[in-house]
Each structure stands twice: as structure tokens, then as C-alpha cells.
Amino acid sequence: MTTKQDNVNNVLTDHQVNVFTEQLKSEHKEALKALNIVVKDYPNCYKTYILLSIAEDKASLETGDFEKGLFYLNKAKELGSKGVNHKNNIKAHYSTVGSYYFNKKEYEKSYKYYLKSAEGHSDYNFYYLRSVGNALTRLNKVDEARDYYKQSLKINNSYAKAHHSLGISYYFSEDYVDADKYFLLACEKEVNSPQYITDYANNLWKLEQYDKAIKQYYKIRMLQPNNVISYLLLSEALVAMRRYKELIKILSSIPDIVNQSTQLLNYLGTCHTEFGNSKEAKIFFDKANKLLSEGTKDDR
């Protein structure tokens, strides 16, 4: 709680702002309650209203009512928030609204607000431009979407997500050569992203660069040694290349994971069948069928 000494200048201290900013990241509802009390002690501090706007926007992700957030930003402007800082806060507000509609799959509305967030100059425009591209992609306006992704990269060529988004757009257009370029760049910018490596590997497979793809599937496995999906991707590739002995060795080293996966059990059964080991194959096929009978869902 504030004191008369705290608010002698009717301005929140930097420390207070930092405390509320951190609280907003994880406990925005509690922060909103506290800020509604604090504003009574600091009725003319624009910083309070900026924090209130952020808190209201977070709450509005559940309700869809973003009017209060915008109202508090305009109030902050009246009290002294101006210039670049005010513009950045407005842009962030519109981006939040765009994300709300994007998550609700209302892509026309999402596009409208993302576009507002990208208007004018900002150090964060690379982020907002990619969001516009994402909304356009969902509206099946792929060429326009790519233009926004490329605009994003002109501002920040190290932005891995924009490279990845471009790769995805080319991948689903079956332009695997251009997809390869951007997936590779995404992986270079963010070297330990399982998602980026997976998409890069899948695209390599489409290009029939099988050995390179398998190396990437191995990399995913190294990054996620306990994730069944990592082993499914690798298993599917190794079976396709008839590298059965290699796969038997890998899957035999992780019995706890294999015994919980119908697909991995079936892959092991297939490998043993190829080697003529019918008894061993039957053991794994029987285990897979038992899991299915118990209601185990598909791994993917």
C-alpha cells in the first residue's frame, strides 16, 4: 500500500512499475485488483494507467472486451504519455486484440487489428508484420502473407519465426526448394528448436534428401530423448529406408517409451519380420494390439 511520502510527486517510482510489470506476467488478475486501488493514490500518474491498460488487456483475453484497455491508454496520453512510448503501447494493445481473434479463428478481425499494430514505425514491427502475415495465411492469401513475412525480415533478419513462417508457406504450396531455404535459416537462427528442425527434416524428405533428413531426425531425438514423437519420426524414416537393424538397436534401448506406444511396438515388429524373426515380431505385435484393446490412442 502506498503512503503520503510515496506519492508526494504523484508518480509511481521505477521500482513500483517494475514490481507491477513482473506481477502482470504471472498474476494479472491480482495485479489488476492492486492497480485499481493504487490509482486512487496516484490519480494523475500516467504510468498507473499504462499498467492498468496492460492488466485489462490480459483480462480481456478471456472476455473479448478490450475497450477498457484502450480507454486507459488514452487516459495515460492525457496525463503525459506521448511520443514513441505511447505509440508502442497502442501498437501492443492492437496486437493483443489481434491475437484474441486469431485464437478464436476469426481471421478477418484478427487481420484488421494486426494491421493496426503494424502501422507506423516501431522497433517491434518485425513481430507485428509477421502476425499480419499469419492472419493472411489463414485467409488463404499466401502471396500477401509472404510479403509481410519478408517485410518483417527486412527489419530483423535474425527473426527465426518469420523465416519459419515463410518456410511453412512454401511447404504447403509444395515449393520445397524455397521452403528448404527458409527452414534452414530458421534452424540457423534458433539452433535448438525441435519444431524448426522437424519441419526442415520433413521438407528434406520431400526433396528426397533422405540421409540429410534422417540426420535431422536424429538431432530431434537428441534434443528430446524422452519424447515419443521424436522416435516416431526417426522410426518412420529408418523403416522407409529399410535400415531395420539400426532401428532395432535404437528402440531396444528405450523399452519404457516403446512399451507405451502402439506405433513403436509395430515398428519393432516390422523390423523383426524383415529379418525373419517371427517369434520376436509376434511379441511386439501382440503388445501393440493389447495397448489398442486397452484404449491407447494413436501417438500422433
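Just so you know, all these numbers are worked out from the coordinates, no wet-lab data involved. Every value quoted in this text rests on a predicted model; they were computed, and no experiment measured them. Don't worry about glycine lacking a Cβ; one is built from the backbone with ideal geometry, like all the others, and counts go over all protein chains shown.
Contour minus end-to-end for S293 and D65, with contour as 0.36 nm per residue of separation and end-to-end as the Cα-Cα distance? Walk me through the numbers on the way to the answer.
Values: separation 228, 0.36 × 228 = 82.08 nm, distance 4.69 nm.
So the chain would gain 77.4 nm between S293 and D65.
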| field | the chain: most fluctuating residue of Y244, Y113, Y127 per GNM, C-alpha cutoff 10 Å | value | Y244
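I need the calculated FRET efficiency for the pair I257 and N10, taking r as the beta carbon distance and R₀ as 45 Å, to the nearest 0.05. Provide the component values of the computation, followed by the final result.
Values: r = 60 Å, r/R0 = 1.34.
It comes to 0.15.
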| Relative contact order for the chain: what is it in percent, counting Cα pairs under 8 Å that are at least 6 residues apart? | 7 percent
| note | Rounded to a whole number, the Stokes-Einstein D of the stretch 8-86 in µm²/s (Kirkwood radius over Cα pairs; 4 °C; 1.567 mPa s) is 104 µm²/s
| Taking a 27 Å limit on the Cα-Cα distance, which of the listed pairs K212/K245; K104/K154; K161/K215; K58/K87; K77/K150 fall beyond it? | K104/K154; K77/K150
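How much length would be gained if the chain were fully extended between K212 and N157, taking 0.36 nm per residue of separation minus their Cα-Cα distance, in nm to one decimal?
Values: separation 55, 0.36 × 55 = 19.80 nm, distance 2.52 nm.
Answer, rounded to one decimal: 17.3 nm.
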| Label point 7 Å out from E78 along Cα-to-Cβ: which residues of the stretch 24-43 have amide N under 14 Å? | 43
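Rounded, prolate or oblate: pick one for the stretch 83-177, where a ≥ b ≥ c are the square roots of the eigenvalues of its C-alpha gyration tensor, a/c under 1.5 means rounded, and failing that, prolate if a/b is larger than b/c, else oblate. Working shown, then result.
Numbers: a/c = 2.62, a/b = 1.39, b/c = 1.88.
Judged from the Cα gyration tensor, the stretch 83-177 comes out oblate (a/c at least 1.5, b/c at or above a/b).
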| task | Rank V97, V258, V19 by mean-square fluctuation in a GNM of the chain with C-alpha springs under 10 angstrom and give only the top-ranked residue. | result | V19
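How large is Rg over Rh for the stretch 224-300, taking Rg from the Cα atoms and Rh as the Kirkwood inverse mean of 1/r across Cα pairs?
On the way: Rg = 11.5 Å, Rh = 12.3 Å.
Looking at the stretch 224-300, the ratio lands at 0.94.
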| query | Can you give the calculated 222 nm mean residue ellipticity of the chain, where each DSSP H run of n ≥ 4 adds -39,500 (n - 2.57) and the sum is split over every residue, rounded to the nearest 500 deg cm²/dmol? | reply | -24000 deg cm²/dmol
